[in-house]
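Data block below; observations after.
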Amino acid sequence: MITRTQARPTKPAVKVSTQSQSRMLSRLGKSQAVKTDLIVAFWEFAHAVSSSAEISRLNTIKIGFEPAFVLFARSALRLSAADTESIFNLSMSTLERRLRQKQNLDPVASERLDRIAVIASLADEVFEDQTKAADWLSMPNMALGNEPPIRLCETEIGATQVRRVLHAIEWGNVV
């Protein structure tokens, strides 16, 4: 019988500095500067995730991302509470509890966050502008059945369709 004795990592591989994260969360909702900080933190996070090795991403998904990254995504992508709950499979009350208790996200929410980060990073590369990328992700798209691309990122099949459209835009192909 083959057994597996691989140690699990205890900390996520992708991080925004704890000091920066704490400062932003303590000021959450208090000013436009904080919203800007959250948006910048999301794009830094998205690019860090998309440039990470897959094994590192898998390990981070298993142990869970820090819940603050969901707030960063919510701010950068201008998601409503209902959209946030649906896209991340995570109620707002659970998100708030995990933030208070400093608990990582579960693997399902972490995988969805990873998927959205990679798609957002690709959109930023294609549009060469984070605001345009966020707008494109949030607006209904005819090539995607009039669904906003971000909503399709709930599943890997939907994310594959979003990638297909982004690559078509990037390469100048018909969608």
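The values are calculated or read from the model by the stated rules, or taken from the named source; none is laboratory data. Keep in mind that what you see is a predicted model, and the values were worked out from it rather than measured. Cβ coordinates were reconstructed from backbone atoms using ideal geometry, including for glycine residues, and neighbour counts include every protein chain displayed.
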Next on the checklist: Go through (1) touching a Leu at 6+ places or on another chain (Cβ under 8 Å); (2) in contact (Cβ under 8 Å) with a residue 24 or more places away in the chain; (3) among the small types (G, A, S); (4) more than 20 Å from A48 (Cα to Cα) for S75 and report which single condition fails.
Outcome noted: (4)
Next on the checklist: Looking at the structure I just gave you, is S51 of a type in the set (G, A, S), modelled with pLDDT under 90 and either more than 24 Å from V162 (Cβ to Cβ) or loosely packed, with under 14 Cβ neighbours inside 10 Å (or both)?
Outcome noted: no
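Quick grid of which residues meet (1) buried (at least 19 other Cβ atoms within 10 Å of the Cβ); (2) out of contact with any Gly (no Cβ under 6 Å at 6 or more places or on another chain); (3) at pLDDT 95 or above; (4) not charged (D, E, K, R):
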position	(1), (2), (3), (4)
A73	yes, yes, yes, yes
R97	no, yes, yes, no
T131	no, yes, yes, yes
I150	yes, yes, yes, yes
T160	no, yes, yes, yes
R164	no, yes, yes, no
Checklist outcome for this item: Residues of the range 39-64 being more than 13 Å from I119 (Cβ to Cβ) and of a type in the set (V, I, T), in sequence order, are I39, V40, I55, T60, I61, I63
Item to check | Number of the exception - K132 against (1) part of a helix (DSSP H, G or I); (2) under 23 Å from I61 (Cβ atoms) | outcome: (2)
Checklist entry - If we scan the range 93-101, do we find a residue that is within 16 Å of the chain's Cα centre (by Cα) and polar (S, T, N, Q)? => result no
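Please determine whether any residue of the range 13-24 is under 28 Å from P140 (Cβ atoms), at pLDDT 50 or above and basic (K, R).
So far as the range 13-24 goes, no, none of its residues is under 28 Å from P140 (Cβ atoms), at pLDDT 50 or above and basic (K, R).
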Item to check | Among residues of the range 136-157, those that are part of a helix (DSSP H, G or I) and either farther than 21 Å from L90 by Cα or within 15 Å of the chain's Cα centre (by Cα) (or both), counted | outcome: 11
